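For reference, the structure discussed in these notes is given below.
The values are calculated or read from the model by the stated rules, or taken from the named source; none is laboratory data. These numbers were taken from a predicted model, which means no experiment stands behind them. Neighbour counts are summed over all protein chains in view; Cβ atoms, including those assigned to glycine, are modelled from backbone coordinates with ideal geometry.
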C-alpha cells in the first residue's frame, strides 16, 4: 500500500517544488466523464529516449497521493533505464480506480486514447492493478504500449523477468555480504507472493533456500507452502522474522524508522519500487550494517523485457540482459562496501551521470 503523501497541493507552488526536487519534466492529466477515467502520466526525463513505464490502477485516497506516486515512480523508471543502459527515459501512469462498479473496457479505451495523444513521448505497460488484457484494450487505440499478449511468446508479462533479475541480484549480494557462492540453506523472507514474489520464491526454492513468506492473499501464500515448503507469517509480523535476506515484493515505502529497527536480516533485496520511505533510510540501513540493494537496479528485469519486446528483440537477448543484473548489483554493492557508502547513492550517481551526460541540467535528487 502506498504511504500517505506529504505533498500538499493547497500550496500552488508545492507541485512544482516537488517536481524540481525529483528533476521532473512533464505532468499530464486526463479526465473522461463517460468512462470515469481520471489518469495521470508523469514523464520524468526523455534525454535517453521515450519514457517507458507501467500503468498503475489503484484506489487512491487523494488526488495528491496519485500525483505523488506517479512522479516518484517516474523518476525511478528514468534511473532504472539508465542503470540498465537502455535507450529510454522514465515515465509512469496512474489511473485512480473509480468507486463502485465500472466498465473496465471503456476505462482502458479512454486511457489508450489519452496515451496516443502524447505522441510517443510516453510508452505504457502493465503494472500493479492493470493486466495484459487491459494493455490489449489500450493497443486498439495506440501503438505506444508494451506488454500486450501479442508482444511475446510468454504473453507479454514481464513479471518473470523481474523475478529472475531479483534472484540474480540476491545471488550477487549474498556473495559480497555473506561470502557465499550458493544459496543452500539461506533463509529468505519474502514480503508479497504475487506476480513477482511467487516466481522469485520458485527460483530461491530450486536453489536450496529456506523461505518465510507473507501476503494479504491466503491462496497465494498457501501455494508457496504446497510447492516450496514455505513458512507463512502474518503481514504485520514479517519484519520480525530472523533471516538472512529480506525481499520486499509488494508495494513501496516499507523501509522506515520503525520497520528498519525491527529487521534482523543482513541483506535487503526485493522487487518492490521505492522501498525506502525516505532517501535518508539508505544511510540508516548502512549504519546498521545492512546491505540494501537499490530497488531500481535489482528489479529492472521487467523494464528490460518490456523494452525488448516492444522493440521485437530476440528472447535470448532479453534473458542475457536480465542475467546481467548480477553484474550490475555486484559492481554497485562492491563499490558501496569498499567506500562505506550508501549503495543507493552509488547507483544514483551512476544513473544520473548517464541521464544528464548530454544535458546541462542536473537532477536535484541525484
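Counting only strands (runs of 3 or more DSSP E) that fall entirely inside the stretch 179-297 and contain at least 1 residues that are touching a helix residue (DSSP H, G or I) at 6+ places or on another chain (Cβ under 8 Å) and closer than 24 Å to residue 54 by Cα, the qualifying elements are 187-191, 245-248. Just one of the listed residues (261, 219, 201, 234) is crowded, with 23+ Cβ neighbours inside 10 Å and at pLDDT 95 or above, and it is 201. Residue count for the stretch 312-358 under the criterion of being loosely packed, with under 13 Cβ neighbours inside 10 Å and either part of a loop (DSSP other than H, G, I, E, B) or in contact with a strand residue (DSSP E or B) (Cβ under 9 Å, 6 or more places away or on another chain) (or both): the result is 5. Within the stretch 86-100, can you find the residues that are under 16 Å from residue 310 (Cβ atoms) and assigned to a loop (DSSP other than H, G, I, E, B)? The answer is 86, 87, 88. Taken over the stretch 118-138, the criterion of being surrounded by fewer than 21 Cβ atoms within 10 Å (Cβ to Cβ) and touching a strand residue (DSSP E or B) at 6+ places or on another chain (Cβ under 8 Å) is satisfied by 121, 128, 129, 132. Would you say residue 208 is modelled with pLDDT of 95 or more, out of contact with any strand residue (DSSP E or B) (no Cβ under 7 Å at 6 or more places or on another chain), closer than 20 Å to residue 164 by Cα and in the same structural domain as residue 299 (by TED's automatic domain parsing)? Yes.
Filtering the stretch 302-311 to residues that are surrounded by fewer than 23 Cβ atoms within 10 Å (Cβ to Cβ) and in a helix (DSSP H, G or I) leaves only 310. Summed over the stretch 89-116, the residues that are at pLDDT below 95 and either touching a strand residue (DSSP E or B) at 6+ places or on another chain (Cβ under 9 Å) or on the phi > 0 side of the Ramachandran plot (or both) give a count of 1.
Scanning the stretch 1-38 for residues that are surrounded by fewer than 18 Cβ atoms within 10 Å (Cβ to Cβ), in a loop (DSSP other than H, G, I, E, B) and at pLDDT 80 or above yields 33, 34.
Residues are listed down the side, and each one gets a yes or a no for (1) outside the structural domain of residue 185 (by TED's automatic domain parsing); (2) in contact (Cβ under 8 Å) with a residue 24 or more places away in the chain; (3) more than 22 Å from the chain's Cα centre (by Cα):
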| site | (1), (2), (3) |
| --- | --- |
| 230 | no, yes, yes |
| 246 | no, yes, no |
| 257 | no, yes, no |
| 275 | no, yes, no |
| 287 | no, no, yes |
| 304 | no, yes, no |
| 330 | no, yes, no |
| 337 | no, yes, yes |
